[in-house]
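Participant: There's a structure below that I have some questions on.
What follows is calculated from the coordinates using simple rules that are stated; it is not laboratory data. Everything numeric here is computed off the predicted structure, so don't read it as measured data. So basically every Cβ, Gly included, is an ideal-geometry build from the backbone, and we count neighbours across all protein chains shown.
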Amino acid sequence: MPRTLRPYYEQELKDYQAYAQKRQLEKAWHHLERAHILGQPYPVEHTAVHGKMLAFGIKTRNAKEIIGQLPRLLVGGIKSWAGTIPVGNTGGANVVAWKPMPIPRDLQVIILQANSKIKLR
């Protein structure tokens, strides 16, 4: 993951943790999905988010999420490495794993700015 994008990815994970600790699970999950969108093109970060999604499923005793995350955890990083990700997909078991989705506007801006900084260096 480019260092210009990493702070945004890490902030989404921090926000996830903060809301999870407060047991505000919908807000926590929202930030985990956003971290997935940011990390999806990068094998390590993509896999890490799916690991956190699996842990979330275990913690909340959500069988659908647990079962849905297992193949994503095994294949997500490989798909990132191969460049075959469904762009914008939020990564949860509540969405089809191979379906591209619109990227929220604020994340589009972050991604574009991070990528433009990479090209300038």
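Participant: How large is Rg over Rh for region 45-121, taking Rg from the Cα atoms and Rh as the Kirkwood inverse mean of 1/r across Cα pairs?
Facilitator: 1.04
Participant: Here's something else I'd like to know. So what is the calculated 222 nm ellipticity per residue for the chain, using -39500 (n - 2.57) for each DSSP H run with n of 4 or more, over all residues, to the nearest 500 deg cm²/dmol?
Facilitator: -23000 deg cm²/dmol
Participant: Eight or more residues apart or on different chains, and alpha-carbon atoms under 20 Å: count the Lys pairs in the chain matching that.
Facilitator: Taking the chain as the scope, the lysine pair count is 13.
Participant: Still on this model: Using the beta-carbon distance between residue 112 and residue 10 and R0 = 22 Å, what value does 1/(1 + (r/R0)^6) give for FRET efficiency, to the nearest 0.05?
Facilitator: Here the calculated transfer efficiency is 0.70.
Participant: Further question: Treat every Asp and Glu Cβ in region 26-121 as -1 and every Lys and Arg Cβ as +1, leave all other atoms uncharged, and give the resulting dipole magnitude about the Cα centre to the nearest 20 debye.
Facilitator: The calculation lands at about 120 debye.
Participant: Of the options 21, 85, 37, report the single residue whose Cα projects farthest towards the positive end of the charge dipole of the chain (beta-carbon charges: Lys, Arg +1; Asp, Glu -1).
Facilitator: 21
Participant: Can you give me the relative contact order of the chain as a percent, contacts being Cα pairs under 8 Å and 6 or more apart?
Facilitator: Contact order relative to length: 26 percent.
Participant: Turning to a different aspect of this structure: Residues in region 78-92 near a label at residue 70, defined as backbone nitrogen under 18 Å from the 7 Å Cα→Cβ point?
Facilitator: Those under the cut-off are 92.
Participant: Starting from the Kirkwood radius over alpha-carbon pairs of region 1-72, derive D by Stokes-Einstein at 20 °C in a medium of 1.002 mPa s and give it in µm² s⁻¹.
Facilitator: Reported coefficient: 176 µm²/s.
Participant: Let me ask another. Between residue 105 and residue 78, take the C-beta separation as r, use R0 = 25 Å, and let me know the FRET efficiency to the nearest 0.05.
Facilitator: 0.30
Participant: Quick one: angle between helix 63-82 and the longest Cα principal axis of the chain, in degrees between 0 and 90, rounded to 10, please.
Facilitator: The two axes meet at around 20 degrees.
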